[in-house]
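What follows is a set of notes on a single structure, which appears directly below.
The values are calculated or read from the model by the stated rules, or taken from the named source; none is laboratory data. Since the model is a prediction, treat every value here as computed from it, not as a measurement. No Cβ is skipped: glycine too gets one built from the backbone with ideal geometry, and neighbour counts run over all protein chains shown. Each accessible area value is taken on the protein alone, full model and side chains, heavy atoms only, with ligands, DNA and RNA left out. Shrake-Rupley method; radii C 1.70, N 1.55, O 1.52, S 1.80 Å.
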Amino acid sequence: KIRHAEAEQAAAAVGARLEAFDLGDYPLDVGREGLDRLIELMRDFAPHVVLTHPERDPFNPDHPTAHAAVQRARLMTSGAGVASGFKTAPPSEFLVFEPHQPELCDFTPTVYVDITDVYERKVEAMSAMAAQKYLQEYYKQRAEQRGNHARKVTGNAGIRQAEAFQRLLPNVVSTL
């Protein structure tokens, strides 16, 4: 109940809505019903971008479990991009967000998002997560570091903070 309240407050700070599945914590047990629920949610919502944990995490067994469930649900949602006998949604971007031990999770940033304009909302959202206070300062520092990287990549001196993501699928463009 405490974590739900924190998550609802964090979601509100960034203009989102929490939908908790209550599938356990340490251990997370997605099961067939949880997976089917996630698939239906994703089919109905048809997200343009799907974010999840990295596939590997040597410290939290729930994170790879979440990754596997989201990866499978994403594939089932799109019907692997071919005509299917069930409701589908267009294939989405698929990225993992930066964990707090990136080098141990085989995380390599391939996408930076400039969060300068919404940074204070991120800080407000993080402050709601009382059980994870130890991560708040870390992610504030990481936003500054990634902002520095994004400035160097783009030459845009206006970027102060950024978040890093790792693309799991190729980026398709029509021209270079």
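Here are some notes:
- Cα centre as origin, Lys/Arg/Asp/Glu Cβ charges: the chain dipole, Debye: 380 debye
- Taking the range 22-176 as the region of interest, the number of lysine pairs whose Cα atoms are within less than 25 Å, with members eight or more places apart or on different chains, is 4.
- Protein-only accessible surface at a 1.4 angstrom probe places the residues Phe59, Phe45 in the order Phe45, Phe59, largest first.
- Separation between Cα centres of the range 88-131 and the range 29-50, rounded to whole Å: 20 Å
- Candidates per trypsin sites (Lys or Arg not before Pro) in the range 75-176, loop by DSSP, up to 12 other Cβ within 10 Å: Lys87
- Farthest toward positive dipole pole in the chain [+1 Lys/Arg, -1 Asp/Glu at C-beta], among Ala157, Met126, Val14: Ala157
- For the range 45-107: rounded, prolate or oblate by the Cα gyration tensor [a/c cutoff 1.5]: prolate
- With Cα atoms defining each centre, the range 132-176 and the range 59-76 are spaced 23 Å apart in the structure.
- The residues of the range 1-120 expose, per residue, 62 Å² of accessible area to a 1.4 Å probe.
- The relative contact order of the chain comes to 24 percent, based on Cα pairs under 8 Å that sit 6 or more residues apart.
- Per-residue ellipticity at 222 nm from helix content only, as computed over the chain with -39500 (n - 2.57) for each DSSP H run of at least four residues, stands at -14000 deg cm²/dmol.
- With every protein chain in place, the chain: carbon and sulfur % of accessible area (1.4 Å): 55 percent
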